[in-house]
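Single-structure report; data block below.
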Amino acid sequence: MHRILPKSLRNGHHEDQNNDASPPQQNYSETKNENPSTVKHRESEKHAIAHWEDQKRPLSPSQITIDPSKKPVGHSNKHLRCQDFELLKTLGTGTFARVWLARLANPKEGDEDKVFALKILRKVDVIRLKQVEHVRNERNILAMVAGHPFITTMIASFQDHDTLYMLLDYCPGGEVFSYLRRARRFNEPTSQFYAAEICLIIEFLHESEGIAYRDLKPENILIDAEGHLKLVDFGFAKKVDDRETYTLCGTPEYLAPEVIRNTGHGCAVDWWAFGILIYEFLVGQPPFWDQNPMKIYEQIVDGHLRFPPAMTPAARSIISGLCTVDISKRLGNISGGAARVKSHEWFKNINWDDIYYRRVKGPIVPHLRGPADTRNFDEYEDEPEERSPYTKELRDKWEKEFENF
């Protein structure tokens with residue numbers, strides 16, 4: 001019998017779950033004395049947001065990598081305010097952020113069913129937890145990659161005097177982790193389909209943008225309304241290009257050996273995690289696991305993979321190639337890069353153009369009652385009423401760090 005790990009044991013170092021879901025206090029005083037020009041700009045922005053999907057289509061990598069300010073999505077918005085949205089339900093929480101299902105306040109006729117995921121981050125919490133750089137990285141990287149078919153789309157970002165906001169597309173299917181837990185394991189065609197979409201994400205991040213994602217796992221992969229994947233939570237993503245970085249971050253079962261050894265790591269960590277992910281899709285649990293994280297680390301550094309007898313030779317081959325301790329021999333990191341992964345025999349039935357342009361139907365299409373259906377997300381308790389204030393002292397010291405958010 002295969003074991004699906006409790007989600008609480010799989011959280012990354014940045015994701016301690018808290019249990020706090022009523023809307024935050026919204027400050028309406030800012031809008032009372034707005035001049036007509038500002039109001040007109042805000043209404044224009046709200047209309048553009050309501051209809052951003054009208055032109056939605058998978059952009060080619062070269063179209064995605066243009067200046068974010070020239071794209072219809074991914075830009076910093078100086079006119080939007082939290083009160084432009086009605087917050088409906090909490091979709092997820094973290095140590096310093098909460099994601100809400102939101103729709104436009106006072107929508108125009110025909111826009112009533114347009115919903116979004118609104119990520120809200122309190123500046124004081126971001127500062128207290130020393131996450132300023134991570135939050136800025138996440139916002140800037142999401143702007144860079146906006147338009148990719150399998151990465152969550154940041155439609156816009158904005159802020160007010162004490163809070164940061166990222167408006168994202170809503171993926172009503174919920175986490176791949178939940179489907180894997182229910183199914184116990186995925187069959188090979190399902191695993192290949194999901195792995196192919198993820199492979200295209202990694203290829204784009206590495207080869208078009210020089211970005212290491214660094215937290216690949218089923219909990220960070222959502223399913224959209226059409227059954228395709230969307231990678232979310234770019235809090236650990238970093239533009240590294242050909243350099244090495246030394247931050248210990250990620251989730252124990254998915255950490256690459258070079259991260260554990262702290263010898264410096266780069267984009268190759270994502271190919272290791274990709275191999276772990278394929279293994280978990282096919283088997284139902286990752287190859288390296290123990291109640292004690294230190295035991296997990298020992299197993300990873302040792303790098304000895306055990307395969308169930310029923311796993312096909314091609315699956316064993318690609319996982320072994322990806323989960324190679326020596327990064328100079330790791331599939332994806334060797335000459336040829338992602339092309340070598342895509343040409344592996346395990347993917348021989350994949351038409352990569354059809355996958356990228358979403359011409360292939362997803363193996364799991366969520367059953368939804370409507371655009372705002374939240375049945376695939378957990379319930380959360382209310383936010384605490386007491387919040388630390390963003391004082392003038394903090395503002396004077398830190399506000400410049402958020403000026404382009």
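Descriptive notes on the structure:
- Full extension of the chain between E345 and E393 gives 11.3 nm of extra length, using 0.36 nm per residue less the Cα-Cα distance.
- Listed values for segment 229-243 are Karplus-derived 3J(HN,Hα) couplings in whole Hz (6.51 cos²θ - 1.76 cosθ + 1.60, θ = phi - 60°), namely 8, 9, 7, 10, 6, 9, x, 9, 5, 8, 7, 10, 6, 9, 8, and x replaces Gly and Pro.
- Amide proton proximity set for T95, modelled H, under 5 Å, gap of 5+: D16
- When the pairs K119/K397; K130/K392; K130/K239; K78/K108; K46/K392 are compared against a 26 Å limit on Cα-Cα distance, K46/K392 fall above it.
- Across segment 176-356, the relative contact order, built from alpha-carbon pairs under 8 Å that are at least six residues apart, equals 24 percent.
- Put simply, the amide H of G174, placed in the peptide plane, has neighbours under 5 Å in I223, leaving out anything fewer than 5 places away on its chain.
- The 3J(HN,Hα) values that the Karplus relation (6.51, -1.76, 1.60; θ = phi - 60°) gives for segment 391-398 are, in residue order, 6, 4, 4, 5, 4, 4, 7, 10 Hz. Gly and Pro appear as x.
- Computed from label points 7 Å out along Cα-Cβ, the spacing between S37 and D111 is 2.2 nm.
- Two-decimal ratio, segment 274-348, of alpha-carbon radius of gyration to 2.2 N^0.38 Å: 1.13
- For segment 133-198, the ratio of Cα radius of gyration to the globular rule of thumb 2.2 N^0.38 Å stands at 1.46.
- 19 Å cut-off, amide nitrogen to a point 7 angstrom out along K56 Cα→Cβ, residues in segment 191-230: 197-198, 201, 221-230
- Taking 0.36 nm per residue of sequence separation and removing the Cα-Cα distance, the K130/T312 pair yields an extension gain of 61.0 nm.
- Based on the reciprocal of the average 1/r between different C-alpha atoms, the Kirkwood radius for segment 176-356 equals 16.4 Å.
- Label separation (D353 vs S320): 3.4 nm, computed from points 7 Å beyond Cα along the C-beta direction.
- Per-residue HN-Hα couplings for segment 131-136 [Karplus 6.51, -1.76, 1.60; θ = phi - 60°; Hz; x = Gly/Pro]: 10, 4, 5, 4, 5, 5
- For segment 162-263, convex hull of alpha carbons as volume per residue, Å³: 151 Å³
- Full extension of the chain between S69 and R369 yields a length gain of 104.4 nm, computed as 0.36 nm times the residue separation minus the alpha carbon distance.
- Value of D in µm² per second that Stokes-Einstein yields for the chain, Kirkwood Rh from Cα pairs, at 4 °C (1.567 mPa s): 59 µm²/s
- Going from the fewest other Cβ atoms within 10 Å to the most, the residues K400, K89 appear in the order K400, K89.
- Kirkwood estimate for segment 42-114, i.e. one over the average of 1/r between Cα atoms, Å: 14.3 Å
- For segment 272-405, the fraction of C-alpha pairs more than 25 angstrom apart is 57%.
- Share antiparallel - DSSP beta bridges, the chain, percent rounded to 5: 90 percent
Quick note: the coordinates plus some simple rules give every number you see, no bench work behind them. Just so we're clear, the structure is a prediction, and the values are computed from it rather than from any experiment. Here Cβ is always computed from backbone atoms with ideal geometry, including for glycine, and neighbour counts include all displayed protein chains.
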